[in-house]
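Visitor: Quick one: the structure is below, and I'll ask about it shortly.
Here, each number is a calculation from the coordinates, and none is a lab measurement. None of the values given here were measured: they were computed from a predicted structure. Quick reminder, even Gly has a Cβ in these numbers, built from the backbone with ideal geometry, and neighbours come from all protein chains shown.
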Amino acid sequence: MNRPPVNSLNTEHLEQLHRALVRLENEKCRGMILSSSSPTVFSAGLDIREMYKPELEKARKFWRTLQDMWLKLYSTPYPTVAAIHGHAPAGGCLLALSCEYRVIVPNVKIGLNETQLGIVAPQWFQDCMRNVIGERQAEKALIAGHMFNTEQALQVGLVDEVAADKAACIARAEAFLASQANLPLLARKTVKLGFRNSTLSRLMTGREADTKIFIEYIFQPKVQKGIELYLQSLSKKSG
Amino acid sequence: MNRPPVNSLNTEHLEQLHRALVRLENEKCRGMILSSSSPTVFSAGLDIREMYKPELEKARKFWRTLQDMWLKLYSTPYPTVAAIHGHAPAGGCLLALSCEYRVIVPNVKIGLNETQLGIVAPQWFQDCMRNVIGERQAEKALIAGHMFNTEQALQVGLVDEVAADKAACIARAEAFLASQANLPLLARKTVKLGFRNSTLSRLMTGREADTKIFIEYIFQPKVQKGIELYLQSLSKKSG
Amino acid sequence: MNRPPVNSLNTEHLEQLHRALVRLENEKCRGMILSSSSPTVFSAGLDIREMYKPELEKARKFWRTLQDMWLKLYSTPYPTVAAIHGHAPAGGCLLALSCEYRVIVPNVKIGLNETQLGIVAPQWFQDCMRNVIGERQAEKALIAGHMFNTEQALQVGLVDEVAADKAACIARAEAFLASQANLPLLARKTVKLGFRNSTLSRLMTGREADTKIFIEYIFQPKVQKGIELYLQSLSKKSG
């Protein structure tokens, strides 16, 4: 991902990611490392500006583009690994959770922190977290919108290993891909989809309902007020 | 809970708990610590005397009161934490499992030990255990009616932390509530119910069947014989 | 199991196991240790020769015999424990996973390694693994067809304990059975079936479809080619 400063996911960047995933599939790619050009952030998650003072059709397109990208990422036939050498809140965490393996560096925060912002993480975000860290830890983390630090993320199984720095992180991600390289492609892909099918299907059959929840949510005046306050706090930080 | 000597749950005490939960909800309570007035017991669980030589209507009322109380406890909009500074077998363990967080003291035993008594823990008791410690550990513990000691309970994730004594236990429970205090209420509650909804629904849609299983079970002569022997062993212990 | 050299599971051996399980049930057996006569192998899994150059009716019978044996093993009313003092790939791992408790010795490999062979582990094999080690670890292991060594198997919860050698392994298996011996039979059995019912039902209602998947799979020319290469590599090893 290379959308400075923090790889926040707007409609355009989601479309870029989606096209990249399709291209990799068509090119019979043997593995993908999802990484960031930022020195400190993996991805800041959904671009909240797409939700501020929304227009109906643009907001709907944003959400459907996110769904499309995720349906593709979560079901790639090739191995995927997240090299998390920077913070990964909310949608950034979703990207990491959707890969097959996660390597992280020290001093990073990762989690679905939507609750802290007064937002409810979509069901499929929550499903991804539950699939990785289990029912109990997912309930505890999602109720509180908890951001895990590196040690906590490893301990709870949210990531698979810790590497000392960005270079080591990429090297370990490559090692994961190497470990998958000689596996028979068809069997590998079939097993992966078998595991992920119920989570994928849940979104696919409930796409319209999921979009509707998002739209109704962001069009609430108090939600808009919350987003406004949040954007103001961001601009103060950067000012 | 304050029903000496061991907070056993009879119809009256369950009604008291239920009323307290409703009152806390109406008063927009920001958090509840479930604790015990006993120095050694959190709650001894269901009052087995309510099952001994039962009358049909009283037995049905007992079970429905238990269901009502639990449906309320498991779905509170406010944060709940169990301060387990005493033993918590069977129904006592259910109460602890139904909170959002559990702090325990050393030298305590906790578990769904129904199997040891020849009773099958109701499905929703089992669901609560599975939701907290996962499928494998729940199967192993419930088949054997295992009572975990403090170290085992922590290790398996049945409790979240250990505190040195009752005062420290309450203090840590308060710290949990403090950690939840600034979270947006609506988002927090929505996420919690999202996680707990399938377990709640399973009982709600199967209430009559669940009650029938209980009634048919306790009206079996051999079950009555087992309860009689158990009550005799209790009176010997206290004698 | 005593089918030298490696307890591979052909139709005949599966029938023997099935008959033994039925007999133990009829004799009101109080517990079973599943063990191997081999010094180095628990069970090598399904006998791949049953899948090589198959005849339709024989292949169907093989698969239905495997299903029958497993439905019986997974649902025994008496406690079961696997004493894994030798390697347990694929179907050998399934046998171990289907017991209620697992003791292993050092320097053993265990896992559902079907993916490595270009085969997709049947859904119920995968369900058994998921029930024991959870969604995340099962996904990771099954995608890669990972063979766990003893330390990994303990760490991930695939086995319950490690014993120093075969004698200690059998002794610990006996200790598990002793721990279950005084539990009320009916309650114990009811809880066990309650946990395992959804996994059992999934195969029972989908038996024909499961058989069809197996048959269509092994009748593919490229699968036959893969089996042929594998058998050649085996005969080279032993040659």
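Visitor: How far apart are the A:Glu57 label points across copies, placing each 7 Å from Cα toward Cβ, in nm, shortest first?
Guide: 6.7, 6.7
Visitor: Among B:Val103, B:Cys93, B:Ala20, whose Cα sits farthest toward the positive end of the charge dipole of region B:19-107 (+1 at Cβ of Lys/Arg, -1 at Cβ of Asp/Glu, about the Cα centre)?
Guide: With unit charges placed on the Cβ atoms, the residue in question is B:Ala20.
Visitor: Inside 10 Å of the C-beta atoms of B:143-154, what's the mean count of C-beta atoms belonging to other chains?
Guide: 2
Visitor: Within region A:143-239, which chymotrypsin sites (Phe, Trp or Tyr not before Pro) sit in a loop by DSSP and count at most 13 neighbouring Cβ atoms inside 10 Å? Walk me through the intermediate numbers first.
Guide: On the way: sites: A:Phe148, A:Phe176, A:Phe195, A:Phe214, A:Tyr217, A:Phe219, A:Tyr230; in loops: A:Phe219.
Answer by residue number: A:Phe219.
Visitor: Give me the dipole magnitude in Debye, nearest 20, for region B:88-150 about the Cα centre, with unit charges on the beta carbon: positive for Lys and Arg, negative for Asp and Glu.
Guide: 160
Visitor: Here is a follow-up. In whole angstrom, note down how far apart the Cα centers of region C:131-182 and region C:1-71 are.
Guide: Region C:131-182 and region C:1-71 have Cα centres separated by 20 Å.
Visitor: Dividing the alpha-carbon radius of gyration of region A:86-239 by 2.2 N^0.38 Å (N being the number of residues), what value is obtained?
Guide: The value comes to 1.18.
Visitor: Still on this structure, please answer the following. Quick one: label points 7 angstrom along Cα→Cβ at C:Ile215, distances to the other copies in nm, smallest first?
Guide: Here the equivalent label points are 4.8, 4.8 nm apart from this one.
Visitor: Please compute the average number of Cβ atoms from other chains found within 10 Å of each residue's Cβ in peptide B:182-195. Kindly include the intermediate steps, with their values, before the conclusion.
Guide: Values: counts 1, 6, 9, 1, 4, 12, 8, 3, 5, 14, 4, 0, 7, 9.
Per-residue shielding by partner chains comes out at 6.
Visitor: Run the helix sum for chain C: -39,500 (n - 2.57) per DSSP H stretch of 4+ residues, divided by residue count, reported at 222 nm to the nearest 500 deg cm²/dmol.
Guide: -18500 deg cm²/dmol
Visitor: Here's another thing I want to ask about it. Which residue of chain B is nearest the rotation axis onto chain A, counting by its Cβ, and what is the distance in whole Å?
Guide: Per the Cβ-to-axis criterion, the result reads B:Gly134, 3.
Visitor: Using a label position 7 Å from Cα in the Cα→Cβ direction, what is the ascending list of nm distances from A:Ser198 to the same site in the other copies?
Guide: 0.6, 0.6
Visitor: Among residues other than B:Gly118 whose Cβ falls under 13 Å from its Cβ, what is the net charge (Lys/Arg +1, Asp/Glu -1)?
Guide: Its environment carries a net charge of +2.
Visitor: Taking 1 over the mean of 1/r across every pair of different Cα atoms in the protein assembly as shown, what Kirkwood radius in Å do you get?
Guide: Numbers: mean 1/r = 0.0361 Å⁻¹.
That comes to 27.7 Å for the protein assembly as shown.
Visitor: Right, next: Among the listed pairs C:Lys28/C:Lys166; A:Lys72/A:Lys189; A:Lys72/A:Lys192; A:Lys212/A:Lys236; B:Lys109/B:Lys189; B:Lys222/C:Lys189, give every one whose C-alpha distance is greater than 22 Å. All intermediate terms of the calculation are to be shown ahead of the outcome.
Guide: On the way: C:Lys28/C:Lys166 27 Å; A:Lys72/A:Lys189 13 Å; A:Lys72/A:Lys192 13 Å; A:Lys212/A:Lys236 32 Å; B:Lys109/B:Lys189 31 Å; B:Lys222/C:Lys189 17 Å.
In this structure, C:Lys28/C:Lys166; A:Lys212/A:Lys236; B:Lys109/B:Lys189 lie more than 22 Å apart at Cα.
Visitor: Name the shape class, rounded, prolate or oblate, that the alpha-carbon gyration tensor gives for region B:116-167, where a ≥ b ≥ c are the square roots of its eigenvalues, rounded holds for a/c under 1.5, and otherwise prolate holds if a/b is larger than b/c and oblate otherwise.
Guide: Numbers: a/c = 2.10, a/b = 1.73, b/c = 1.22.
It comes out prolate by the Cα gyration axes.
Visitor: Size of the dipole of region A:11-238 about the Cα centre, Lys and Arg at +1 and Asp and Glu at -1 on the beta carbon, nothing else charged, in debye to 20?
Guide: It works out to roughly 180 debye.
Visitor: What does the average come to when, for each residue of peptide B:128-140, you count the partner chain Cβ atoms lying within 10 Å of its Cβ? Present the calculation step by step, with values, prior to reporting the outcome.
Guide: Details: counts 0, 0, 3, 4, 5, 3, 10, 10, 9, 2, 2, 8, 5.
Per residue, the number of nearby Cβ atoms from other chains is 5 on average.
Visitor: Can you list, largest first and rounded to whole Å, the semi-axes you get for region A:136-199 by taking the square root of 5 times each eigenvalue of its Cα gyration tensor?
Guide: Sorted largest first and rounded, they come to 26, 21, 7 Å.
Visitor: Summing +1 for each Lys or Arg and -1 for each Asp or Glu, what net charge is found among the other residues whose Cβ lies under 13 Å from the Cβ of C:Val103? Could you put the intermediate results ahead of the total?
Guide: Numbers: positive: C:Arg102, C:Lys166, C:Arg172; negative: C:Glu100, C:Asp160, C:Glu161, C:Asp165, C:Glu174.
Neighbour charge sum, excluding C:Val103 itself: -2.
Visitor: In chain A, with Lys and Arg counted as +1 and Asp and Glu as -1 at Cβ, which of these residues, A:Ser38, A:Pro79, A:Ser233, has the Cα nearest the positive end of the dipole, that is, farthest along it?
Guide: In chain A, that residue is A:Pro79.
Visitor: Determine ³J(HN,Hα), in whole Hz, for all residues of region B:99-105 in sequence, where each value follows from phi through the Karplus function 6.51 cos²θ - 1.76 cosθ + 1.60 and θ = phi - 60°; x replaces Gly and Pro.
Guide: 6, 8, 8, 9, 10, 10, 9
Visitor: In terms of modelled amide H atoms, which long-range or inter-chain residues lie less than 5 Å from the amide H of C:Leu46?
Guide: Correct list: C:Leu9, C:Gly91, C:Gly92.
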